[in-house]
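Trainee: This is the structure, below, for whatever I ask next.
Laboratory data are not the source of any read-out in this text; all were calculated from the coordinates shown. Only a predicted model underlies this, so the values are computations on that prediction, with no experimental measurement involved. FYI the Cβ positions are ideal-geometry reconstructions off the backbone, even for glycines, and counts take in every protein chain you see.
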Number of protein chains: 2
Amino acid sequence: MFDLMILAPIGAVAALAYAFILSRRVMAQSEGTDLMKKIAASIRSGANAYLKRQYKGVSVFFVIMGVVLVALVFAGLVNVFVPVAFVVGGFFSGLSGFLGMRIATNANARTANAAQHSLNSGLKVAFSAGAVMGFTVVGLGMLETSLWYYFLRFYYSALPVDQQAQMIASAMVTFGMGASAMALFARVGGGIFTKAADVGADLVGKVEAGIPEDDPRNPAVIADNVGDNVGDVAGMGADLYESYSGARLSAAALAVSAGFGFTGMALPMALAAIGIFASIIGSFFVKTNEDASQKQLLSALRRGTYIAGALVAIGAFALIYFTLGMDYIGLYGAIISGLVAGILIGYFTEYYTSDTYKPTQKLAGTSVTGPATVIISGLSLGMISTFIPVIIVSVSVIISFYVSGGAADYNAGLFGIALSAVGMLSTLGITLATDAYGPVADNAGGIAEMAGLGEEVRDRTDALDSLGNTTAATGKGFAIGSAALTALALIASYIDQVKLISPDYNFDLSIMNPPVLIGTFIGGMLPFVFAAFTMESVGTAAQSVVKEVRRQFKEIPGLMEGTAEPDYASCVDLCTKSAQKEMVPPAILAVVAPLVVGLILGVKGVTGMLAGSTVTGFALAVMMSNAGGAWDNAKKHIEAGNLGGKGSENHKAAVVGDTVGDPFKDTSGPAINILIKLLSIVSIVLAAVVVNFGLIK
Amino acid sequence: MFDLMILAPIGAVAALAYAFILSRRVMAQSEGTDLMKKIAASIRSGANAYLKRQYKGVSVFFVIMGVVLVALVFAGLVNVFVPVAFVVGGFFSGLSGFLGMRIATNANARTANAAQHSLNSGLKVAFSAGAVMGFTVVGLGMLETSLWYYFLRFYYSALPVDQQAQMIASAMVTFGMGASAMALFARVGGGIFTKAADVGADLVGKVEAGIPEDDPRNPAVIADNVGDNVGDVAGMGADLYESYSGARLSAAALAVSAGFGFTGMALPMALAAIGIFASIIGSFFVKTNEDASQKQLLSALRRGTYIAGALVAIGAFALIYFTLGMDYIGLYGAIISGLVAGILIGYFTEYYTSDTYKPTQKLAGTSVTGPATVIISGLSLGMISTFIPVIIVSVSVIISFYVSGGAADYNAGLFGIALSAVGMLSTLGITLATDAYGPVADNAGGIAEMAGLGEEVRDRTDALDSLGNTTAATGKGFAIGSAALTALALIASYIDQVKLISPDYNFDLSIMNPPVLIGTFIGGMLPFVFAAFTMESVGTAAQSVVKEVRRQFKEIPGLMEGTAEPDYASCVDLCTKSAQKEMVPPAILAVVAPLVVGLILGVKGVTGMLAGSTVTGFALAVMMSNAGGAWDNAKKHIEAGNLGGKGSENHKAAVVGDTVGDPFKDTSGPAINILIKLLSIVSIVLAAVVVNFGLIK
């Protein structure tokens, strides 16, 4: 029989090759004037310095965890390859972030330069850079999976075929922890960096000194632009690398449990491979005419995603039909439900956060009665916006479960849920491209401003940037939705793993069983505490930036007059240090919580905790992301000349909302996505520890 | 055998008699000068007008629901007495609120007048008024239970004894819906009223016109004082009436399921009766010397609560020992765990919200960098403060379950959990007294200001008021904690009820069963949406007050000079109307959600929804209440002369926090308590409908 799994390395190579070609094409563009080159170099070196420092800091964590895992190997509590896979996963996840960031920091000036020519040229460069990032993430993800799969296949080749599939699948699902941990550091560290720099730059530069955004006299301006890259590019890349891996690997493990053997295991990989080709084709359709309006730009980006989605819908049908036949065509329904859910969540995220719709316009209107009402209305907008995504995910889960035959065969239903997560993420290549495009355009705007490229160019980069805000909001919704589905698949894998370790475990996971119930209470609280940690961190880090910027304004003579240059590096350094220090407590929380809960409340408590954290985390992440996005755009709405425009009292009130929204949407909200997945994967890895040593059995 | 249940009517009579005596004592005091009498009369008539309007509006809801319930009776889907009990429960709950509010609006001027004499005199009057409220609530609660019990006992007397207990217990647990629904309206309506008036009065009076708080020239000042009474007194009373009933009735039902028959059913009532006597004795110890400091005042109030708690601890031991014997002494452990949990949650609430501790002081410090950082820090304070209450409730649930023998006998364990809720609420008489004391003191301060009673008196009422803020925070923590435990007991009762209706129902309530899981997702989202509704309502209502106050300032000549009187009644009327209109959507949400979820996802979905809403609702309510309390006290901390004091930029930043905190702590946060209980009780009443017509079985 044709080995379906071969599609994984093929997809990986295709994605990476395409990313390479695009990257060559971007690099062939000119970076523009010497000043532009110099600014871009500063941003690049700042971003590199940050990542270097981050990887150094993270390696300490990886060494410690590695030692713990090796000890667990010797105690016979985890698979022998887990420590290696932990490091490799971390490396690949980090590499995704690094490569994405490298292209982004090389594309920013090139986008600004191309925008001098035309809007379409600018769009092309920025989107290509985003696509490099998107395809690197999916390519590396599929590559890592392929390497491990063929290695384990070889390693376990002496076993009977049935057992082989079981061993490989259950080993590989534990391998995601490295990528998850790296993602957490990237998201939290990058999120703290970017918002500390942003808030710091705004509070002193815009508010106190009264100079415009991205003014080269502002000492934090380079740090601000670096932040876009380390937070929104590297962080987002590592996050979705992780969802992409987690969804496929848990689907593979659940496929084996559902009795689909090697074919089932290969299905999610094949689906992802189809998604890669669909995304590549879709990306060809992202182009527009030279005098495109904002709306035409958006529809150009959307066209690519929709075409990719349609291609996956066709390919997935063929996939199920030719592998499992019409008896299992229900699984196709699961894939489609995931795919559609992803698109719908993205759409409703846009509805709640874009100022072309009522909610954000209404929010902008509350600025008339001051900052307090802006905050109250923004929070309630965020809260009410949880309704639709929760319903969408719920409907998608229920459909996936039942169409896959879950009513008769529970395991088949769980496989269906996991497959819907893979379906949602299948077009990740192009979805991530439209998302990562945003920070590149944002940076391009900054460079255009700092290099004094003139009104027309700035207008074009502003158009690109504003579009980037919309796609970023959509991307965030997508990241949250996929994180929730992935987390559910991982919880199912967790229970599977426990069953493998201890088949006679007492499995009363009834929600009214006190250990389960209490687990949900504790899990439900974790996202709140986690969000608090990360918000506080941004506050602390921002305070230090504020002080440094104030110091430079006072101590460097000629700075305000533009005759002397600020010390950009010191702000970058400060943000880097703060981010490194502040990202430790949230990481510890995520790793320690499953262990502590497991040792006291056992498997039941852990299961409850995972469910509780997913439930609350999903709602809280949606709320924070959407409130933050809406505040940002409400401010932009006023700046566009509505309600008194820039500098009015209304604008000041809206700026307060925007500042509160910054850590909401770019630090805490996205970090919660990773929290819920990391909790699951740590639980999976530590399953044997909890089974053996948990107080409550 | 001695009929233990007789303690219920005895306790009821004792509580009501004591409330009557205290109320006579309060009324014997003088209301002071004619001006004070006039102001008090205005507040009283405003509050009465509000309640009258509210009861009228609510009666429409009660009629509609009553008709629905009668239809369900005819369809054989609910107990024949449910419609009557629904109305009676609503009446008693409303009566608790009304009587509490009546004494509060009669005691405010009397407290101000007594404070002219001394601090202790003021404390005595205010505390006595609070105690009238507290003992009225517990007295009426026990009375209602007694009446139904003896009536049903008579009605079912033809049945065999075993069946009698079963029938009575399972009927009575459905009787709480009326009280719950009334509580929701009281909390939400009162919460909207009080904050609309407060925010409206502050935004125009303090911020725009620059006149002090409680200035008689402010047209919204009477509405503001009315709000304290309708929100914090009547709303709080109805809320806790409901917890008190829910906890006892679900404990009684679970006792019967656990096989304890009539004795078990009487246990929670007897425990509550012991609590009543303990509270009466405890209240004798609330007194202080004439020149007491703030700290001494607080310890005077605490002394009463602690003594009552200690007496319950002793009495409960005797109760278990003499009824069930040493074999069941584990149930005593459950009671104590609830009692201790209530005290601890109160303590930690104070820690997070009082400016004598670090968190609030630190929050005040963030005002230096403006309103945005105040908001960010306040939100993260609220979020982080969820950790300890969740752990306390979790530990309490686990202890209650296992010491009651839950590991061997699941039903006994559930009874233990329900009994711990009754234990926590047993001292409600005195806890509510210290809590309801706050708004009375607050009103007294307002009257002292408006009547121009001079610096010294205002200082004393300020001392009483500030103490009231602390006890109010503690009381809120207590209300939330008891709501969570009560909700858990009600969920257990719900499952019990389903088992009674359909013994062969497929009971796979595993948290990974998709209908259950999806139920938790939907349930987890409901508190967010509910909070959004209520916050928006406050915003809408406050806007209308702002406009009215501005209009009066502009159109009434001589108002600012103090030569003309504002039209207080129009503001009261406006708040009343807004509150009535705005409280409808949240109420519909709470009643319709269990029905819709039940009809689609069946019993499993409903169970998941109840667990999910309790988990998220608990965390969200704690977060909102504590953030709100901390913002309030951070502002007060600055007003006390720290960080630049009143009128400074820091103060302005803190006022933004306080304004955001107003609907957090006084509307949305407390209303979530009721939401989670009401969802459970509606589910219990509609159990047969869902069992018969739910799509997913």
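Trainee: What 222 nm value per residue comes from the helices of chain A, counting each DSSP H run with n ≥ 4 as -39,500 (n - 2.57) and dividing by all residues, nearest 500 deg cm²/dmol?
Mentor: -28000 deg cm²/dmol
Trainee: Let me ask you something else. What distance in nm lies between label points placed 7 Å from Cα along the C-beta direction at A:Glu561 and A:Arg53?
Mentor: Placing both labels 7 Å along Cα→Cβ, they lie 3.2 nm apart.
Trainee: Another one. Applying the Karplus parametrisation 6.51 cos²θ - 1.76 cosθ + 1.60 with θ = phi - 60° to the phi angles of segment B:416-431, what ³J(HN,Hα) value in whole Hz is obtained for each residue in order, glycine and proline being reported as x?
Mentor: The phi angles translate into x, 4, 5, 5, 5, 5, 5, x, 4, 8, 4, 8, 4, x, 7, 4 Hz.
Trainee: Return the Rg/Rh ratio of segment A:538-670 with Cα-based radii and a Kirkwood Rh.
Mentor: 1.13
Trainee: Is segment A:635-697 rounded, prolate or oblate when judged by the Cα gyration tensor, a ≥ b ≥ c being the square roots of its eigenvalues, rounded requiring a/c under 1.5 and prolate requiring a/b larger than b/c?
Mentor: Because a/c hits 1.5 or more and a/b exceeds b/c, segment A:635-697 counts as prolate.
Trainee: So which of A:Lys652/B:Lys635; A:Lys604/B:Lys476; A:Lys37/A:Lys124; A:Lys577/B:Lys362 end up more than 27 Å apart, counting from Cα to Cα?
Mentor: Over 27 Å apart, Cα to Cα: A:Lys604/B:Lys476.
Trainee: Let me know the shape class of segment B:177-295, please: from the alpha-carbon gyration tensor, a ≥ b ≥ c as square roots of the eigenvalues, rounded when a/c is under 1.5, otherwise prolate if a/b is greater than b/c, or oblate.
Mentor: oblate
Trainee: Please compute the Kirkwood hydrodynamic radius of chain A from all pairs of different C-alpha atoms, in Å with one decimal.
Mentor: 24.9 Å
Trainee: If the limit is 30 Å between Cα atoms, which of A:Lys295/A:Lys646; A:Lys358/B:Lys56; B:Lys195/B:Lys287 go over it?
Mentor: A:Lys358/B:Lys56; B:Lys195/B:Lys287
Trainee: Any chance you could run the full-extension gain for A:Val80 through A:Val63? It's 0.36 nm times the residue separation minus the Cα-Cα distance, nm to one decimal.
Mentor: Residue separation times 0.36 nm, minus the Cα-Cα distance, leaves 4.5 nm.
Trainee: How much net charge surrounds B:Asp355 when only other residues with a Cβ under 11 Å from its Cβ are counted (Lys, Arg +1; Asp, Glu -1)?
Mentor: Numbers: positive: B:Lys358, B:Lys362, B:Lys635, B:Lys636; negative: B:Glu350, B:Asp632, B:Glu639.
After counting each charged neighbour, the total is +1.
Trainee: Only residues of segment A:444-467 count here: report those whose backbone N is under 14 Å from the spot 7 Å along Cα→Cβ of A:Lys38, or say none.
Mentor: Within reach of a label on A:Lys38, which here means backbone N under 14 Å from a point 7 Å along Cα→Cβ, segment A:444-467 contributes A:450-452.
Trainee: If you don't mind, there's one more thing I want to ask. State, as an integer percentage, the relative contact order of chain B based on alpha-carbon contacts under 8 Å between residues 6 or more apart.
Mentor: 21 percent
Trainee: Once phi is turned into ³J(HN,Hα) by the Karplus curve 6.51 cos²θ - 1.76 cosθ + 1.60 with θ = phi - 60°, what whole-Hz value does each residue of segment A:375-391 show in order, with x for glycine and proline?
Mentor: Once rounded to whole Hz, the list reads 5, 4, 5, x, 5, 6, 4, x, 5, 6, 6, 6, 4, 5, x, 5, 5.
Trainee: Then there is this: May I ask you to give the average projected area over all directions of the convex hull of the Cα atoms of segment B:418-496, in nm² rounded to one decimal?
Mentor: 5.8 nm²
Trainee: While we're on this one: On a C-alpha basis, how far is the centre of segment A:57-92 from the centre of segment A:388-466 in Å? Whole number, if you could?
Mentor: 31 Å
Trainee: Separation of segment A:649-696 and segment B:312-328 by C-alpha centroid, Å?
Mentor: 45 Å
Trainee: Ok, one more. Over all distinct Cα pairs, what is the inverse of the mean 1/r for segment B:282-372, reported as the Kirkwood hydrodynamic radius in Å? Numbers along the way, then the final one.
Mentor: On the way: mean 1/r = 0.0616 Å⁻¹.
Over segment B:282-372, the inverse of the mean reciprocal pair distance is 16.2 Å.
Trainee: Another question, then. Whole-Hz ³J(HN,Hα) for each residue in segment B:52-59, computed from phi via Karplus 6.51 cos²θ - 1.76 cosθ + 1.60 with θ = phi - 60°, x for glycine and proline: what do you get?
Mentor: For segment B:52-59, the Karplus-derived couplings read 4, 4, 4, 5, 5, x, 5, 5 Hz, x marking Gly and Pro.
Trainee: Taking a quarter of the surface of the Cα convex hull of the protein assembly as shown, what do you get in nm²?
Mentor: Its average projected convex-hull area is 49.0 nm².
Trainee: Also: Between A:Ala158 and A:Phe284, what is the label-point separation in nm under the 7 Å Cα-to-beta-carbon projection?
Mentor: 5.0 nm
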